[in-house]
Amino acid sequence: MTPGYAVTVDPELRDLRAADRLLLRLAAELALPEGAFGCTHLVRDDRPRVALSFALPTEPLLRTALEALTGQGYEVTPGLPDTAGRAVAYPGSAALTGTLTVAELLGRSAIDTVTVLGSAGPPPPETRLVTRDHVRPHWQAGTLVLATMPAAGGVLVPFEVPDPTPCCADH
């Protein structure tokens, strides 16, 4: 991620789904422009939690975001917590619904590449991808990468599922 201007919000959340919901709510409240990114970051220190980051294209947008977020009582720091965020709001993310080809996904969004678990190379551009309306690519070495896996019917699906079963749910 190479943002012009970035801010990190630490809402003290431990749940990734709650962090996604908060990030999307804040992005809507901030009226982030199309060129902005909203990511989640796993903080692995003595207080494991999920931080949020917003990468903005201009300094005035950064100032506005800082004022709005601190005004709501959030702990806000300049910059990114790390370079390996999980993108939740990003250019084109709203258009990634239903079933698309890999070429359509790459053409409609800021995602740079698609990988397939267990495969040495990228999938062919005409490969169909069932988005499940939940596409969360990760930053890897400055590139936005969507990890996918094969599914029934010869299609791909994003590796991250929208509503995972919590660990030990049957206990």
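The values are calculated or read from the model by the stated rules, or taken from the named source; none is laboratory data. No experiment lies behind these values; they were computed from the predicted model shown. Positions of Cβ are backbone-derived with ideal geometry, glycine not excepted, and every protein chain shown enters the neighbour counts.
Just a yes or no: is a residue in the stretch 31-41 in the same structural domain as Pro11 (by TED's automatic domain parsing), within 30 Å of Ala152 (Cβ to Cβ) and either surrounded by 12 or more Cβ atoms within 10 Å (Cβ to Cβ) or in contact (Cβ under 8 Å) with a residue 12 or more places away in the chain (or both)?
Yes, the stretch 31-41 has at least one match.
Can you name the residue in the stretch 81-94 that is surrounded by fewer than 16 Cβ atoms within 10 Å (Cβ to Cβ) and closer than 19 Å to Arg17 by Cα and, of all such residues, is nearest to the chain's Cα centre (by Cα)?
Ala84
Of the residues Thr97, Thr165, Thr148, which is exposed (fewer than 15 other Cβ atoms within 10 Å of the Cβ), modelled with pLDDT of 95 or more, not small (Gly, Ala, Ser) and not assigned by TED's automatic domain parsing to the domain that holds Pro57?
On inspection, the qualifying residue turns out to be Thr97.
So which residues in the stretch 1-37 are of a type in the set (Phe, Trp, Tyr) and modelled with pLDDT under 95?
Scanning the stretch 1-37 gives a single hit, Tyr5.
Tell me whether the stretch 41-56 contains one or more residues that are at pLDDT 95 or above, in contact with a helix residue (DSSP H, G or I) (Cβ under 7 Å, 6 or more places away or on another chain) and not in a strand (DSSP E or B).
no
Just checking, which of Ala94, Ala31, Ala36, Ala103 is in contact with a strand residue (DSSP E or B) (Cβ under 9 Å, 6 or more places away or on another chain) and among the small types (Gly, Ala, Ser)?
Ala36
Among the numbered conditions (1) in a loop (DSSP other than H, G, I, E, B); (2) free of Cβ contacts under 8 Å to residues at least 40 places away in the same chain, tell me where Ala84 comes up short.
Status for Ala84: all satisfied but (2).
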